[in-house]
Structures are given as C-alpha cells and as structure tokens.
1. Give a residue-ordered list of calculated ³J(HN,Hα) values for segment 310-324 (Karplus: 6.51 cos²θ - 1.76 cosθ + 1.60, θ = phi - 60°; whole Hz; x for Gly, Pro).
2. Between helix 60-88 and the chain, what is the angle of the helix's C-alpha long axis to the longest principal axis, kept within 0 to 90° and rounded to the nearest 10?
3. Starting from 0.36 nm per residue, how many nanometres of slack lie between K444 and V189 once their C-alpha separation is accounted for?
4. Run the helix sum for the chain: -39,500 (n - 2.57) per DSSP H stretch of 4+ residues, divided by residue count, reported at 222 nm to the nearest 500 deg cm²/dmol.
5. What FRET efficiency would be calculated for the residue pair A110, A196, taking the C-beta separation as r and a Förster radius of 30 Å, to the nearest 0.05?
6. Over the chain, with the other protein chains present, what is the accessible area per residue in square angstrom, probe 1.4 angstrom?
7. Relative to the longest principal axis of the C-alpha atoms of the chain, give the angle of the C-alpha long axis of helix 215-237, reported between 0 and 90° and rounded to the nearest 10°.
8. What lysines sit close enough to K147 to cross-link, taking a C-alpha to C-alpha distance under 26 Å and skipping anything fewer than 8 places away on the same chain?
Amino acid sequence: MPQTLTEGARKGSVDSSSAPSPRRWWILAIIGIAQLMVVLDATIVNIALPSAQADLGFSDGNRQWIVTAYSLAFASLLLLGGRIADLFGRKPAFLIGVAGFAGASVLGGASTSFGMLVTARALQGVFGALLAPAALSLLNTTFTDAKERAKAFSVYGAIAGAGGAVGLLLGGVLTDALDWRWTLFVNLVFAVVAFAGGWVLLSSHRDAANSRLDLPGTLLVSSGLFALVYGFSNAETHDWSSPLTWGFLAAGGILLSAFARWQTRAEHPLLPMRVLLDRDRAASFVTVLITGAGMFGVFLFLTYYLQLNLGFSPTKTGVAFLPMMATLMIMAQVSTTVLVPRIGPKIVIPAGFAIAVGGMAWLTGIGVASDFSTAVLPQLLLIGAGLGIVMPPAMSLATSGIAAEDAGVASATVNTMQQVGGSIGTALLNTLAASAATSYLAGKDATNKLVRAQSTIESYTTAFWWSAGFFAAGAVIAFLLYRRGAQEQDPDAVRAVHM
C-alpha cells in the first residue's frame, strides 16, 4: 500500500521480490519512438503547410487551424489521458494511443478537403493526449535505479527537447522528396514499431484500480485548458482586445481556478494536490512551462529567417538544426547523470537557463545577409547546450518520488505544461514580433525590398530577446524554488515495477 511521505511526496508500494525488468532498455526504445512521433508532429506539418494549402485550396486565415486543432485537443485532454492510464492500465492506454494516432495520421494524409485534414489533426491530438502521459509514466515506473533512471530520462528529455527540430528536418525532407501527405503517413512507420514493441514488452497493471474517474474535475480542467489554449491561439489572428482572445483567456482562468478548488474537495481527484505540493516537482513543472514558451523563439522564427532571408530549402533548414540537436542530446546525458546528482538542480538548472539566455541574446545579432556559420551556428550550439541541461532533469524531477497510482497524471501534467507553454510562447512571440515589424516600417518606404527585409529582422530579433527574457525568468524562478544540494535516491522510495 502507498506510504505517507513528508513534504507532500508519496512513495509507491514496493514488492521485495520485484527486480528491474531485463527488458527495460528495449522498453525505453519503444517509449522513445512513441514520444518522438508525438513531439515531432507539432512541427513536421508546419513546413508542409504551404504545399497542403495549395493542394486542398484553403485560405490563409484557415491555415492556422491545421496546427491549432492538434494543440487544442492535445492540451485539453492530457490530464484525462494520464488519469485513464492510471485507472485502466498503462499498456492498453499506450497501445490504444499509438494505434489511434496512426489511424488519424493516415486519415490526415489521405485528406481530400480542409475539413477532413482538420478533423484528422484533432484526432491526432486526442490520441496523443492518451499516448504521451502513458509513455512517460511507463518510463517512470520501469526505471527505479537512480543512475539508470537518470540515463533513461536524459534520452527522453533529449527527444522532448529536440523533437521539434527533428520534425522540421523530416518535414523538409519528405516535402521536398515526396509530398506533403508523407509528413502524416510517416507516423505509420513509428506507430508499427512502437505498437509491436509495446504489445510484446509491456505488461498491464492498474495502480489506481480502486479509484474512480473524477468527472466534474475532468470537465472543468478540459474546458479550462481548451479555453486557455484557444484564447492564446486567437491572439495570433485577432487583437488582444478581441473577445475571442481575452474572453476565452478569462474563461480559462475561471475554469482552472474552479478545478483547483474542486480538487481539494473531490473524493477521487483527477489531479491530487499531493502531486503539485512537492517543492521540487512544482519547480520542475514551472521549468517545463517556461522552456516550452521560450523554445518557440528558436524553432519558429529561426525557421522563417533561414528560409525567407537566407534562402534555405526546407531540407537544408532542418539540417541546420542538427548541430543544436546533437549538443542538446550530449548535455542531456551530462546534466542528468553527472551534474544534477552531484550538484543538485538549484544550481544546474538555473545555469542551463543562463547559457540559453546567452545563446538567444547572441542570436539577436543576425542581419539581412548574415553568414550561417558565424551568426547562427555558434548560437544554436549554445542554446542546445543550455536546453539540454534544463529539460531532461526537469522532466525527471517532475515525476520523481511519485506514487505509482499517480504516475500517469503527473506525467500528463508535465506534457500539459510543455504544451501550454508552447501555446503561450506562440501567441506572445508572434504578437510582439508583428508589432516590432510594424513599428520599424512606420514612416519608411514599405515597398522597398531592403526595408521590408530589415523589418523581418526586427521581428525575429524581438522574438529572440523575449525568448531570452523567458529563460532569464526561468533561471530566477528555478533558483528560488528548487531545494539546495544534490538529491539522493531514497531506497525506500523506489517505485513498483510491473513488467
């Protein structure tokens, strides 16, 4: 039975006869493949949007719904998906999520109309909301040894951090070499491998089998997250003073406040307060939120700069992000297996944020005809190193010491923070960038190509400065919230393994 811990954390029950699964590294491989499929789908379709628009004939105003339909369904249903994994078993949640995501991808690739493509993207978000928390909670309950857990989360965190760049690369290659539809069809390859591996390697266990689904809480949080993400999405296409923006943001805030109050009274809460009240876990959730918001400044606006200003093809743009991905993956290993165990997150994670701040600030030096090797590449390496130090340890600490029956919902909270952070970053940075470009053009000849090109540079650098500001705020918050010192794994706090 679960034991009570101090400082708000709870330990899962431990079977003395249980031992680490000999198949755990294979399990990590299939979890990584499934997570990559979900993460890269947030960006892989972006590069293919112009081709899809030309093929299906939808307007520029409708184009955003190809992205928004996915993010709305994904963000609003993540907590429900995580709790379903806890209640009904992580293996069935994982397999249904993989199969459903693959089916929705095939539907999207075969789309013959705008409505069909939007429906497919929304279904991808629905099944992704079931798959993502199941995958992370499986990782959390499979690796119980502190050193092995650190290695596993370094891999997972690297995938979560670099997945967007992988999506840009893969999307560019598939669009250039084949057709935009293959940016969706390719998910079938990932899904077949993940489903077959999950079917063979995983065993089902219901850690929260004695609990019931919190229906009022589900309705409150799902509608609240939907309103919040929808409000930020509308900020990209409407003014901040529009009721479609502030109205939905206000509704989201009210609904989420009501959800938080209900969780303190519900007999079987969807998101138990014990998951949030641990100090390090709360710090990790905030870290993931801020990182998600700031990272968008790298992927979105740098993609625009490379293609529109430097003339890179979609494939070359994706290749340009590879050095950043490599650095991120290397530092993910170093931070989770060496730095955090020895020094502790209070120093390491703020230092990672500070490195990312330096990279983003340096990136503001780009010009209309800058050289990639000197004005972009070194900065990307620095940003990759910083994010590699921040993301994997934060994801690991966000689910560390959690009770087995709460693993799914804790994992869902991590994914929710990343998704909501991305939505906030998208809206704020797009709005600020557009305002910067408009301000630059005021009083100038807007028909002059050089002037217009410089206005885009102003928009990009404004976004980079704000991303640097997000990371700087993350450094301060992480330093204030995380506990001092290295954190040793309590042998009594090892989670139960059901493999």
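1. Running phi through 6.51 cos²θ - 1.76 cosθ + 1.60 with θ = phi - 60° gives 9, x, 6, 6, x, 5, 5, 4, x, 4, 4, 7, 4, x, 4 Hz.
2. Its long axis makes an angle of about 10 degrees.
3. Working: separation 255, 0.36 × 255 = 91.80 nm, distance 5.09 nm.
Working it through step by step, the gained length comes to 86.7 nm.
4. Helices in the chain give a 222 nm mean residue ellipticity of -25000 deg cm²/dmol.
5. Efficiency computed from Cβ-Cβ geometry: 0.85.
6. Normalised by residue count, the accessible surface of the chain is 38 Å².
7. 20 degrees
8. Counting by Cα, and skipping residues close in sequence, K147 has these lysines nearby: K11, K91, K346.
The values are calculated or read from the model by the stated rules, or taken from the named source; none is laboratory data. Because the structure is predicted, anything quoted here is derived from the model rather than measured. Cβ: placed from backbone, ideal geometry, glycine included. Neighbour counts: every protein chain shown. Ligands, DNA and RNA are stripped out before the accessible areas are found, and what is left, the full protein with its side chains, is counted by its heavy atoms. Shrake-Rupley method; radii C 1.70, N 1.55, O 1.52, S 1.80 Å.
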